[in-house]
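What follows is calculated from the coordinates using simple rules that are stated; it is not laboratory data. Everything quoted here is computed from the prediction, not taken from an experiment. Here the Cβ positions follow ideal geometry from the backbone for every residue, glycine too, while neighbour counts run over all protein chains shown.
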Amino acid sequence: MRGMHSSSGQSILKVAVPVPLASLFDYLPPVDGPVPPLGARVMVRFGRRRLIGVVVQHADSSQVDPERLHHVEPAPDGERAALDASLIDLLQWAWRYYHHAPGEVVSNALPPTLRKVSGKWPDAEREYRLTTAGRERLEQGAGRAPAQWDLLRQLADAGMGAQALSGWRDGWRPLLRKVMQSGWVEALTAPPPALDVKPGPQLNSEQKQAFDAIGGALGAFHCHLLDGVTGSGKTEVYLRLIEKVIRSGRQVLVLVPEIGLTTQLIDRMTRRLGIPPAVSHSALAEGERTAVWERAQRGATPLMLGTRSALFLPLRAPGLIIMDESHDPSFKQQDGFRFSARDVAVKRAAMLDIPIVLGTATPSLETLHNASSGKYHWHRLRRRATGAAQPSWRVLDLKQQSVTAGLSERALDLMGETLGRGEQVLVFLNRRGYAPVLLCHDCGWHGACHRCDANMTWHRGERSLVCHHCGHRKAVPRFCPECRADALQGAGAGTEQLESFLERRFSSFPLYRFDRDAVRRKGVFEQLAQEVRNGRPAILIGTQMLAKGHHFPRVTLVVIVDLDQALYSADFRAMERMGQVMIQVAGRSGRAEQPGEVILQTHHPDHPMLDLLFREGYERFALSMLEERRMVSLPPYSAQATLRAEAASRDAVQTFLVDARKAYQGPGAHVHGPFPALMERRGGRVRWYLLVQASSRGRLQASLAPWLDAIRRLRGARNVRWAVDVDPQDF
């Protein structure tokens, strides 16, 4: 082992450099200037590259001779820390728990602009106000400069920021420069927005009990499960808690699983609280994300809303974290830094000593286990806030039934009756495209992806075959590529085919399709959703994006076309996810005055788990699955990790994984496999994995670190792409 070297009085900087290596790197402070503080960005030489790293530790010695260490160059930030001590502590916990490269974990917490050598610390958001001279000029009238005078008039009542001015008119910046040069307008650092709360609906007894319990425990760490049926008013409880925390001078971070859910929450929060939340997600422009980060760090925004990546926003005065739809699989990052945002959010709340609320109608089994064992505070909302009844279920047996575009005649009749009463229908099918496969009726050829073990989906509108796994696409052939017959046809149904069929069947009613193909352009989802909320009788067709948290008061019938694949899936989580999706989709029905009904089409109407879900509800269904997991020692009654490997050839992957299994020495866990992934070939690469399972997270963690060190020394480790996934959610 190499000896430690003293730095002769110089501090050693332990820098997280954004490279896929499992270590920090030692550097010396700048040749001129002070030692950068913890959390500061620095520019470092790494091989032939110059990269932005972050100082995460100071040391007085190094295993590397100081003569061989490079000096860092100060970043343009000067002595400011980009990450505070609490975030650094969280990130260190995260890279150790998930066994991921420290530099990539830390870089993930910075906005994209600040990950670049050229990236500069954003200026504080400015607010533009009239000066005394500006008010005098305003009183003189427009004169020969009507546009400048109009700008002064906009600023007469209150200051405005860049976002508000952009909403006023295009081309405002040259006008602003002119009036500022004239001394009529000054720029000041924008103050935090002030609450202007509008009264909300009266809380029912369940909501009030939950609010009192959570609101009475602010100021210390508690994890609260707000387990409320769809329509039970969880958002109203959030709003009351947010108001209370902001009034105390603290900040609130709200996390949602998908970008599509941000718009309605922004509108509702802004209407009720009088302040728009600062929004952060990956679809925003880099400048917008950086501006939100700067405001959060400065404490200039009391309310932040975002998706998974917003979890790492800096908080100057943290008071509360809320995670809506906390069961959602989107909260688990599935590539790169594979972290569970739910688990990291709970850890962050614990480290900050603030409460966290996990809101959902369908808690994950892990969350339910923690609540039922008393680790989390469990608050149940079992009544809809409007007083509306829960929807009734009707099961349609598809055996020996003819279907068109996936729909049975009985389902179509019920849809017609609902539309005839002036109500709306939602048809749920979690498959995009026209048909899941294009095949030849003569010879059996089918359009398979040459890079994945999957069929290509037929998108008839685009005249293309698309692989939904790797993105490969090609034109639809006119004749069968095998036998040249003119006998190509789709098998199965997708949302595009449903749309085409239902437009013909119910031609007098508007139809709205919600899937990634139909609403990929910015603002389209909100536009369609608003048309639906106008209340005309209509048909909504959608994938999973339509199941989450949306309020359509005129929907009284939901038709679930097909979820049978979950009943015989090899993934032990498939049944849990099926139950969650069914309850979430069903929750779109009957949210106002009219009662709701849900139709499930299935080939397995007598399946015992379906019967339990319909008869006794999600909680009993989930507790039953928990008992099954306990009997076979599956999570949450054990802890798992997978060692994933992929390469162009199966031999390279299997050889590496066999050697990796032999390298395991610890007694604390069992290693199983290698196994092929459920989709073995994806994007032209073969994927296999080892499954590591232990009786507890502590035992699993103790066994992983030495094993991964041994794996890095394997000769075959350079021949494959490999990574560890702690608490995996798919296989």
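Values computed for the structure shown
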| read-out | value |
| --- | --- |
| The range 283-317 and the range 694-712: distance between their alpha carbon centers, rounded to Å | 34 |
| Which label in (1) 0.99; (2) 1.13; (3) 1.06 gives the computed Cα Rg over 2.2 N^0.38 Å | (3) |
| Cα-only Debye scattering, the range 5-115: base-10 log of I(q)/I(0) at q = 0.09, 0.14, 0.18, 0.24 Å⁻¹ | -0.20, -0.50, -0.85, -1.47 |
| Extension reserve of the R536-T386 stretch, reckoned as 0.36 nm per residue once the Cα distance is removed | 51.9 nm |
| Contour excess over end-to-end distance, with Cα ends at S205 and Q63 and 0.36 nm allotted per residue | 44.9 nm |
| Euclidean distance of C-alpha centroids, the range 364-433 and the range 445-478, integer Å | 31 |
| Likely footprinting exposure, M545, M631, M456, fewest C-beta neighbours within 10 Å first | M631, M545, M456 |
| Cα centre as origin, Lys/Arg/Asp/Glu Cβ charges: the range 357-465 dipole, Debye | 520 |
| Cβ crowding within 10 Å averaged over residues, with 60-67, 639-646, 41-48, 312-319 ranked highest first | 639-646, 312-319, 41-48, 60-67 |
| Euclidean distance of C-alpha centroids, the range 497-537 and the range 629-672, integer Å | 45 |
| Net length gained if the chain between D709 and M43 were fully extended (0.36 nm per residue, minus Cα distance) | 236.9 nm |
| H604 paired with R504, simple spin-label distance in nm, labels 7 Å along Cα-to-beta-carbon | 3.2 |
| For the range 205-381, size of Cβ-based charge dipole, Lys and Arg +1, Asp and Glu -1, in debye | 440 |
| The range 13-119 - percent relative contact order, Cα under 8 Å, separation 6 or more | 37 |
| Helix-only CD estimate at 222 nm, as mean residue ellipticity for the chain, using -39500 (n - 2.57) per DSSP H run (n ≥ 4) | -9500 deg cm²/dmol |
| Computed label-point distance, nm, for sites T132 and A487 using a 7 Å Cα→Cβ extension | 9.2 |
| Within the range 151-188: backbone nitrogen closer than 11 Å to the A145 label point (7 Å, Cα to C-beta) | 151-152, 175-185 |
| Mean Cβ count within 10 Å, highest first, over the residues of peptides 189-200, 681-692, 426-437, 497-508 | 426-437, 681-692, 497-508, 189-200 |
| Estimated FRET transfer efficiency (E73, D335; beta-carbon r; R0 25 Å; 0.05) | 0.20 |
| Across K347/K662; K234/K375; K198/K332; K14/K347, pairs whose alpha-carbon gap is larger than 27 Å | K347/K662; K198/K332 |
| Simple spin-label estimate for K120 and S282 in nanometres, 7 Å along Cα-Cβ | 2.9 |
| Low-density loop positions, chymotrypsin sites (Phe, Trp or Tyr not before Pro), the range 635-667 - DSSP coil, at most 16 other Cβ in 10 Å | Y637 |
| Aspartates and glutamates with Cα under 17 Å of K522, excluding same-chain neighbours fewer than 8 positions away | E258, D267, E286, E288, E531 |
